[in-house]
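Trainee: Following this message is one structure expressed as structure tokens.
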Amino acid sequence: AESKLMIGMLPKAKGNAYFISCKNGADKAAKELGVELLFDGPTDSNAAKQNEIVENWITLGLDVITVAAENKESLSTALRKARAQGIAVLTYDADAMPDARSFFVNQATPAGIALGLLDKAAELAGGEGEIAIITATLTAGNQREWLRIIHETLPVKYPKLKLIAVRPSDDLKDKAQSEATALMSAHPNLEVIVAICTPGTPGAAEAVKQAGKTGKVHVIGLGLPNENRRYVHEGVTDAVMLWNTEDLGYLTVYAAAALAHGELKPGAKSFQAGALGSFEITGDNILLGKPYFFTKENIDRFDF
Amino acid sequence: MSPTGETPLWRRLLFRHETLLLLVLVVEWLLFYHYGTTVNRRGVTVGFGTMDRQMDILRHSCEIGLLALALTPVILTAGIDLSVGSLLGLCAIVFGKLWHDAGVGLPLAAALTLLAGALAGGLNAGLITRLRLPPLIVTLGTYSLFRGLAEAMTQGAVTYTDFPAAFLFLGQERWLGLPAQAWVLLPVAAGVWLMVHATATGRSLRAIGFSPEGARYAGLPVDRRVALVYVLAGVIAALAALIYTARLGQAKADAGTGYELFAITAVVLGGTSIFGGRGSITGTLLGVAAIAVLKNGLATLPVVIRLNATEELAGVLTGLLLLLALLGSNLPAWLGRGRTPR
Amino acid sequence: MHPDTVPPLLSLAGIEKRYGAVRALQGVDFELRAGEVHALLGENGAGKSTLIGIITGARPPDAGTMTLAGRVVAGLDPAAARLLGIACVHQQPALFAELTVAENIGLRLEAGGAWRRVDWRARAARAAELLQRVGAEFPATRTVRELSMPEQQLVEIAGALGAGARIVIMDEPTASLTRREQEKLYGIVRGLRTAGVGVIYISHRLEEIRALADRVTVLRDGQSVGTRAVADVTEPELIRLMVGREVGLTERAPGAAPGAVRLAVQKLGCAAGGVGDISFEIRAGEILGLAGLVGAGRTELARTLFGLTPADTGCIRIDGQEKRIRTPGDAIAAGLAYVPEDRRRHGVILEMPIAQNMTMAVHRRLFPGGWLRSGPELALAADYIRDLGIKAAGPDAPGASLSGGNQQKVALARWLATQPRVLILDEPTQGVDVGAKSEIHRIIRRLAADGLAVLLISSDLPEVLAMSDRLGVMRGGRLVEMLPGGTPAPVVMAAALGQTGRAVA
Amino acid sequence: MRRPTRELSVAGVLALLLVAMAVLAPAFFAPQPLRSLLVREMPALVVACGMAFVIIAREIDISVGAQFSVCSVVAGLLAVRGWPLPLVLAAAMGTGALMGLANGALVALARLPSIVVTLATMVTLRQGLNLARQGEFVNLPDGVQWFGLSQTAGQWLVLAVAAGVLTVLAWAARHLAAGRFVYAVGSEADAARLAGIDPARVTLGVFGFMGVLTGFAAMLNLVQSPQIQPLVGSGLELKVIAAAVVGGVAISGGRGSLWGVLAGLLLLATIPPALIHLHIEAYWEKAIQGAIILLAAASDGLGRKGGRA
Ligand SMILES: Nc1ncnc2c1ncn2[C@@H]1O[C@H](COP(=O)(O)OP(=O)(O)OP(=O)(O)O)[C@@H](O)[C@H]1O
Ligand SMILES: Nc1ncnc2c1ncn2[C@@H]1O[C@H](COP(=O)(O)OP(=O)(O)OP(=O)(O)O)[C@@H](O)[C@H]1O
Ligand SMILES: [Mg+2]
Ligand SMILES: [Mg+2]
């Protein structure tokens, strides 16, 4: 009786606004293509949980599994198992080991994100001064990766820029707000707060606003337009970095369906994704495009 | 609830908590078998009713199962250990660090990890028996402390991976038809079962749970026994850390986050009284199974009835099931006298 | 005022109360007049405390009526009883351990809703005044947890006194009081009587009843078997009413010729337990009685010997060998056994089957390698159930399902099973009926005859007198006197009270 | 009254920490950030007050974090619908009361152990909320933040309200008969019954009140920013239980004061900003937090061991 293609989409954390907007794009694509979409994942970032879901999907015999891997290594074994059983595997947002999947829908490389944020921070600080980072947890996979790149690049590229603290916020906006407040009081010369988790950006912005340091302490970070709109308008948050997450979900589902139907093969140079048109493929990375900075000027063009 | 000589055997068996739980488990299983199994578009039978799925459920339940086994003797003595999940994380890091950074061979690293678990359990035990502090407070403190040490040791950032296949076998492969880690769980279950049900030690744990003073007056080594259960909990948590690491192929400071609550839920669902004295390993295992089947069974439904968000639904249903089980097993108590809280 | 023309303040008719299978009260009638002290007498377990519970509303009766000043009261609860002017000093102090004396008294006395403001000043003043009236010497600001048992009892009494009640009930109020406090209490009771209060007074001390009470009602097996004016009744008659037959006290039997010294204790002391400088010895086959008032430190001595509160000075020798006893386990290994006084908390574990209770101290011997074996366990239990005549549904019956006396026998069985060389018995017949009591006496004698050294602690003076070969007397944590067997009771009492040479009033 | 040694020793540790901060990092005391940090802790303080009552009554409630989330989201959604703030506040407190009373009924009337009951309700509520909201933020309408006042006024208002709640409750715990009933029941339920106090009613009341305070606290948090995250309040239960216990509330019931809870909460809340000021890396935070809980408990244990036979 089953004739519809079944695609599983595994986010890092289901409740995260970032992935919710991914899902919106994915749903749109699923409707257009007439495929069945399962969107399920841990409620908080949790590698073990992701593993269990993938294994469940394998025994459920889905046609395609798409994952945003919380942790490269731990998920790859399960993904290889899926491929061995004839299930097509795609990664999006955060990659697994290359041999564990066919393609990676690359919204931006880790370096692209980390350096994008760092460059922006350096620009706002005028090339020298103190910056601080707010992360979700100290253990979260992709954030660790970005931090690693930042730590490596900083002394080389911006020797006068000083990273004075990395503070976890447990993905809680309120905690990020407290942390940012304490950071500002401990470091009166702090110039930029960089939030590398989405709840952290509005949290830090609210702290800066309450501290009356709008314009003195800059806030940049990852995030969705709707959660940051008012801070961007008020000038508290200078820029919110995001690739278009809805497009990411949309593209992922299109790529998944194409992969399952054998329309997307290794070695392809480009890929046509419905209403979004053509995307470039380099190696096995389908490129979504560069990350995007939402600023006062353009943020009102987006509603998600 | 107390059996007296006059109640016929069949009635005693029928109204046992374990029997009711087994019934719940069977009903769950049959429902999921019926509604959670289907044939996919490639003509393959998929879903809950497949052997693979059953094996996966077993595989995913091993760590929680171990922690629940560790907690049952603790709760039998009317204690509690909130730190087992954090200790799992700490032990995973200790293991990874020993093997990866210190270059210790895997068997020795594993042995030292078990020792670390015993020491951590010993810290709980010492604070509880020497300073006479309530277990809830002690293990609330070590809950934070152990996780903190794991993060401090890795600066939150290091993940140990690239374990050799021989070790990963323990977490990812099958042996003699069962997932390899089941061969860790089963002996531990048998061992703890024997300790609780077949030895004088287990008897004294119950006595302590019912009345620590009464046990002391009977000449039982109360402090030693209490220390034993916390140390044992530490060792078993370390064992769980090993198979967790093997299953995921990585050791990371956040391993086992929140597992203590799952394990406590399973133990209590299994009929062990949080006031101590009453409870069984069979019940605990059934409790673990009931939760695992519920969770994994619901996870198979999206394919069949297009139901998303099964994770949350499983949480809600587990909470309700726990309340129902409590209400059910307390029914006789309502008719008679109540117990004092906590 | 002639008592007979005064209508009763309180009357109970046909009161019945069951606890499961136990019929604690079976149609009790009782009557209390204003301005009288009415003693309630009866053996342990006769139902006195249960009756009190019904009057204070703590336990609803199953049947019967209660009339207070001519009005029938039904559905009584403690709060309502308090409003009706009924106050009670409970046998086991029912106090808030974490709160101060003043607050304990205040919570009990103050009427009014939950949303009223507490007047701490008035509370303190009132508590201080009441404490003074009962002769307490501690301040009302102390936390009850820090008080000794007798001090807690005084708090109870102060609370009842302060209620300004029409009816004051005292359930064995003098059991743990010192003599001076007792005298003070007598004064208080007499004052209440003069003020027209009806006092129900429970005591096992006949001389006290004679000195204080106007009338006495005797309960036996949950039935009221008679009410007498104290002036018109003799002690033997009261005892006959209580027990239902003439009871000759256990005859003093000449002990077997004592053997070698079994237990020798030298300069033993334990600061935490409040005992010190204790030296004595017991020979094989000898029963050493230990008399003293409650609080004299006898239980503490036993706990020290048994390693529950380990000694910090002195030494213990068993069969000539010095033993280091830091835990009960050490004590058992050394050949000691201790049947504690509080059997519900320490003697048996109520939730566990009696067979398991009995084998609890012999795990090592019965279960080689630590593996439980039900065969030997059940056999051992069956033996003791038979030998001690324990009435129970079976070896699987939980301890809680047994009557007090049978629980006591289970506790005894547990320690006999250890085949000890020295047996310490703490109030072994408290709460035990007459038949069982003489049975336990017989067992103790037999054990001594088998060569055990027995240390018998008992507040039942006739019991220790009759059973002991020698008699130690404790006071204030010290062993103050060692008397030969057959010493007359007044001499022992005087020694216990520290009034050498004078008889007790 | 018991000598408040425990409260004093916690206050002492807090004072020591503050003195150390004054010497090592005086910037910690800059008034504006300090006020902001304090304001951030006020919701937890209000919840901790409720938790103190629960623990004093010899119970525990580990569902408060989940209750806090539910109240926040309910209040947020109602505010979005344009309900006036007083009504939103009432709804939040009412929602809390319902959840608290449900816990209370299961504990007091069905006589189930509170730790298990609230474990079950925690899981149910938390997952139920996830089910309903899928983690989506609630963007609040203008005029909700700071109750529509200026920020400074709003912050002072939150501080004043929380301080008022604390003071009133501390006063009530000490001077209102109902407060003393809680201590009495926690100290000895049987004795309470004999003194004419109904332990079941007190227990029910304590849980219900816990819910009301949680709802109230959720509002104090809601007004501090223009949006609400459904995850809000996760981990709150551990924080407030730790605060109460560190502040000298005995887990065995009957003992403790709200001033001690205040000291305990401030101590715990001071650690993260203090670490930032002292330039200690974040990954030490949990270990230090755990060590402080253990130290506070151990000092109490040692004190008890010496003090009483
Ligand atoms: N809570 C209870 N459950 C079951 N049986 C009980 C309970 N309380 C008392 N009994 C039984 O009821 C009977 C009467 O007990 P009660 O305490 O009234 O005796 P008493 O006359 O006060 O004795 P004592 O002199 O020892 O205080 C006893 O057989 C006792 O075992
Ligand atoms: N020095 C003391 N300080 C405080 N409390 C004491 C002291 N001595 C005795 N007590 C208390 O008095 C009570 C009775 O003491 P103990 O049991 O040693 O006396 P006893 O002679 O054995 O009396 P009983 O007849 O009750 O067995 C105990 O609860 C004990 O805590
Ligand atoms: Mg009595
Ligand atoms: Mg005694």
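Trainee: For the range B:176-254, what number results from the quotient of the Cα radius of gyration and 2.2 N^0.38 Å?
Mentor: 1.42
Trainee: Using r as the Cβ-Cβ distance of C:ALA333 and C:ASP221, and R0 as 41 Å, what FRET efficiency do you calculate, to the nearest 0.05?
Mentor: 0.45
Trainee: Calculate log10 I(q)/I(0) of the protein assembly as shown for q = 0.03, 0.04, 0.06 Å⁻¹, where I(q) comes from the Debye formula with a single equal point scatterer on each Cα and nothing for solvent.
Mentor: Log10 of I(q)/I(0), two decimals: -0.17, -0.30, -0.65.
Trainee: List the residues whose amide H sits under 5 Å from the amide H of C:ALA63, counting only those 5 or more places along or on another chain, with H placed 1.01 Å from N in the peptide plane.
Mentor: It is C:GLU16, by chain and number.
Trainee: With a cut-off of at most 13 other beta carbons within 10 Å, and DSSP calling the residue loop, which GluC sites (Glu not before Pro) in the range C:45-151 qualify? Please list them.
Mentor: Loop-located and lightly packed - C:GLU137.
Trainee: Per residue of the range C:147-164, what does 6.51 cos²θ - 1.76 cosθ + 1.60 with θ = phi - 60° give for ³J(HN,Hα)? Whole Hz please, x for Gly and Pro, Karplus curve as stated.
Mentor: With the stated coefficients, the range C:147-164 comes to 8, 6, 3, x, 5, 5, 4, 5, 4, 4, 5, 4, x, 5, 5, x, 5, x Hz.
Trainee: Another question, then. State the Kirkwood hydrodynamic radius of chain D in Å, one decimal place, computed from all pairs of distinct Cα atoms.
Mentor: Evaluated over chain D, this radius sits at 20.0 Å.
Trainee: Mind listing the long-range amide H neighbours of A:ARG167? Cut-off is under 5 Å, sequence gap 5 or more, other chains count too, H placed in the peptide plane at 1.01 Å from N.
Mentor: Excluding prolines and chain starts, which carry no amide H, the hits are A:ILE133, A:ILE134, A:THR135.
Trainee: Something else about it: Set Lys and Arg Cβ to +1 and Asp and Glu Cβ to -1, take the dipole of the range C:283-497 about its Cα centre, and tell me which of C:VAL491, C:LEU308, C:ILE287 lies farthest positive.
Mentor: Most positive-ward Cα: C:LEU308.
Trainee: Sticking with this one: Taking every DSSP beta bridge with both residues inside chain C, roughly what % is antiparallel (nearest 5)? Walk me through the intermediate numbers first.
Mentor: Details: 45 of 80 bridges.
About 55 percent, rounded to the nearest 5.
Trainee: For the range B:9-336, what relative contact order do you get, as a whole percent, if you take Cα pairs closer than 8 Å and at least 6 residues apart?
Mentor: Contact order relative to length: 33 percent.
Trainee: Which aspartates and glutamates have a Cα lying under 12 Å from the Cα of A:LYS209, excluding residues fewer than 8 positions away in the same chain?
Mentor: A:GLU234
Trainee: Sort all Cα-Cα distances of the range D:70-178 into consecutive 10 angstrom bins from zero, then give the percent of pairs in each bin up to the one containing the longest distance.
Mentor: Using 10 Å bins, I get a P(r) of 12, 28, 36, 21, 3 for the range D:70-178.
Trainee: Quick one: which residues, 5 or more positions from D:ARG255 or on another chain, have an amide H under 5 Å from its amide H? H modelled 1.01 Å from N in the peptide plane, none for Pro or chain starts.
Mentor: Counting only residues 5 or more places away or on other chains, the set is D:ALA250.
Trainee: Straight-line reach from A:LYS28: which aspartates and glutamates have Cα under 16 Å away, leaving out those fewer than 8 places along the same chain?
Mentor: A:GLU36, A:GLU246, A:ASP247, A:ASP303
Trainee: Another question, if that's okay. Please compute the contact order of chain D in relative form: average sequence separation of alpha-carbon pairs under 8 Å and at least six residues apart, divided by the residue count, as a percent. If you can, show how the numbers build up before the last one.
Mentor: On the way: 476 pairs, mean separation 106.0, N = 309.
Relative contact order for chain D comes out at 34 percent.
Trainee: A further question follows. Over 30 Å between Cα atoms, which of A:LYS12/A:LYS290; A:LYS265/A:LYS296; A:LYS81/D:LYS239; A:LYS49/A:LYS160; A:LYS173/A:LYS265 qualify?
Mentor: In this structure, A:LYS265/A:LYS296; A:LYS81/D:LYS239; A:LYS49/A:LYS160; A:LYS173/A:LYS265 exceed 30 Å between Cα atoms.
Trainee: Considering the range C:144-194, what Rg and Dmax in Å follow from its alpha-carbon atoms?
Mentor: For the range C:144-194, the Cα radius of gyration and maximum Cα-Cα distance read 11.0, 35 Å.
Trainee: Something else about it: So how strong a dipole does chain A carry about its Cα centre when Lys and Arg Cβ are +1 and Asp and Glu Cβ are -1, to the nearest 20 debye?
Mentor: Using only the charged Cβ atoms, the result is roughly 320 debye.
Trainee: ³J(HN,Hα) across the range C:63-69 via Karplus (A = 6.51, B = -1.76, C = 1.60, θ = phi - 60°), whole Hz, x for Gly/Pro?
Mentor: Once rounded to whole Hz, the list reads 7, x, 10, 10, 10, 10, 6.
Trainee: May I pose another question? Student exercise: in chain C, how many lysine pairs 8 or more apart or on different chains have Cα atoms under 15 Å apart? Show your work: numbers first, answer last.
Mentor: Values: C:LYS17/C:LYS48; C:LYS267/C:LYS323; C:LYS391/C:LYS409; C:LYS391/C:LYS437; C:LYS409/C:LYS437.
So the count of such lysine pairs works out to 5.
Trainee: Okay, moving on. Take the Cα coordinates of the range C:283-497, assign each an equal point scatterer, and use the Debye formula without solvent to give log10 I(q)/I(0) at q = 0.10, 0.16 Å⁻¹.
Mentor: So the normalised log intensities are -0.43, -1.10.
Trainee: Still on this structure, please answer the following. So in chain A, what percent of DSSP beta bridges are antiparallel if you round to the nearest 5? Don't jump to the answer; show the numbers that get you there.
Mentor: Values: 9 of 48 bridges.
So the antiparallel bridges amount to about 20 percent of the total.
Trainee: Still on this structure: Can you classify chain B as rounded, prolate or oblate using the Cα gyration tensor, where a ≥ b ≥ c are the square roots of its eigenvalues, rounded means a/c under 1.5, and otherwise it's prolate if a/b beats b/c and oblate if not?
Mentor: In terms of gyration-tensor shape, oblate.
Trainee: Hey, another quick one. Quick one: 3J(HN,Hα) in Hz for the range C:14-19, Karplus 6.51/-1.76/1.60 with θ = phi - 60°, rounded, Gly and Pro as x.
Mentor: These are the phi-based 3J(HN,Hα) values: x, 6, 10, 8, 10, 10 Hz.
Trainee: About the Cα centre of the range B:9-336, what is the dipole size in debye to 20, counting +1 per Lys and Arg Cβ and -1 per Asp and Glu Cβ, all else neutral? Before the final figure, lay out each step's value.
Mentor: Numbers: 22 positive and 16 negative charges, 144 e Å.
With Lys and Arg at +1 and Asp and Glu at -1, about 700 debye.
Trainee: Oh, and also: Please tell me the relative contact order of chain C in percent, rounded to the nearest whole number, where contacts are Cα pairs under 8 Å and at least six residues apart.
Mentor: Details: 1038 pairs, mean separation 72.0, N = 505.
RCO, chain C: 14 percent.
Trainee: Which of the aspartates and glutamates could a cross-linker bridge to A:LYS269, judged by Cα under 18 Å and excluding same-chain residues fewer than eight apart?
Mentor: A:LYS269 reaches A:GLU280, A:ASP284.
Trainee: Which is the longest part of chain D that has none of the trypsin sites (Lys or Arg not before Pro) sitting in a DSSP loop with at most 11 other Cβ atoms within 10 Å? Write down the numbers at each step before the final one.
Mentor: Details: sites that count: D:ARG81, D:ARG308.
Excluding the exposed sites themselves, the longest stretch runs over D:82-307.
Trainee: Same structure again: May I ask you to list the trypsin sites (Lys or Arg not before Pro) in the range A:101-206 that are in a DSSP loop and have at most 14 other Cβ atoms within 10 Å of their Cβ? Intermediate values should be presented prior to the final figure.
Mentor: Details: sites: A:ARG101, A:LYS120, A:ARG144, A:ARG148, A:LYS157, A:LYS160, A:LYS162, A:LYS173, A:LYS175; in loops: A:ARG101, A:LYS160.
Filter output for the range A:101-206: A:LYS160.
None of the figures in this text is laboratory data; all of them are computed from the coordinates on show. The model shown is predicted, which means the values in this text are computed figures rather than measured ones. Heads up, the Cβs are rebuilt from the backbone with ideal geometry, glycines too, and the neighbour counts pull from every protein chain shown.
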